[in-house]
Amino acid sequence: MLKKILIVLALLVLAVVVGVPAYLYGAYPKLRSAAQVTAPTSPEAIERGRYLAEAMTGCIACHSPIDESRPGDFPQPGFEYAGRVWPVGSGFPGKIVAPNISPDPETGIGRWTDGEVVRAIREGVSRDGRPLFPLMNYPAYRDLTDEDVLAIVAGRPRRHVAG
């Protein structure tokens, strides 16, 4: 009986020793250099990117302060992509902050290259190499086509908005 218990304990220890690093390797983003890519500038690509960011992927809803005077998640006009804070008690544990992804060079991502934005969307890695909060759904965004992810980058605002 003692031999069986020791075998089970050894297997559990082995599962933890192998399983935890395997999980962390798969769950956390890879820290590699951003690709050298350039988003398209055609009006069609920009419009498709806006559609994808606003209607399909939800970028605007997570990264914009919400007009609390209206039901639903409508961004405050003039503050699109300026960041959003979910307060404690909003259904998330603690306070969650979706950062400013406006083109502002000081508070947003105005200094990021198109490749760095693509890496953040697809791989969950910030410009400085930090992993993004796991609520950023980069595992699902990995499956975006190159054309779609570059359209999202193209469709992001290119001028500073309030905020």
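Pull up region 76-113, narrow it to residues that are open to solvent by 50 Å² or more (accessible area, probe 1.4 Å) and among the charged types (D, E, K, R), then point me to the one that is farthest from residue 35 (Cα to Cα).
Among those that are open to solvent by 50 Å² or more (accessible area, probe 1.4 Å) and among the charged types (D, E, K, R), it is 95.
Exactly one of (1) more than 16 Å from residue 52 (Cα to Cα); (2) at pLDDT below 90; (3) of a type in the set (A, V, I, L, M); (4) surrounded by 12 or more Cβ atoms within 10 Å (Cβ to Cβ) is unmet by residue 125. Its number?
Tallying (1) more than 16 Å from residue 52 (Cα to Cα); (2) at pLDDT below 90; (3) of a type in the set (A, V, I, L, M); (4) surrounded by 12 or more Cβ atoms within 10 Å (Cβ to Cβ), residue 125 fails exactly one: (2).
Looking at region 132-151, is at least one residue in a helix (DSSP H, G or I), in contact with a Leu (Cβ under 9 Å, 6 or more places away or on another chain), without any contact (Cβ under 8 Å) to a residue 40 or more places away in the chain and crowded, with 17+ Cβ neighbours inside 10 Å?
The answer is yes; a qualifying residue exists.
Of everything in region 60-109 that's charged (D, E, K, R) and assigned to a loop (DSSP other than H, G, I, E, B), which residue is farthest from residue 132 (Cα to Cα)?
Going through the qualifying residues, I end up with 70.
For residues that are more than 19 Å from residue 113 (Cβ to Cβ), at pLDDT 85 or above and of a type outside the set (A, V, I, L, M), tally how many sit in region 5-55.
Total meeting the criteria: 8.
So, in region 84-119, exactly how many residues are over 17 Å from the mean Cα position of the chain (by Cα) and within 18 Å of residue 46 (Cα to Cα)?
Qualifying residue count, region 84-119: 0.
Output yes when any residue across region 142-156 is modelled with pLDDT under 95 and under 10 Å from the mean Cα position of the chain (by Cα), and no when none is.
no
The values are calculated or read from the model by the stated rules, or taken from the named source; none is laboratory data. Since this is a predicted model, take the numbers as computed values, not measurements. Neighbour counts are summed over all protein chains in view; Cβ atoms, including those assigned to glycine, are modelled from backbone coordinates with ideal geometry. Ligands, DNA and RNA are excluded from the accessible area calculation, which covers all protein heavy atoms including side chains. Shrake-Rupley method; radii C 1.70, N 1.55, O 1.52, S 1.80 Å.
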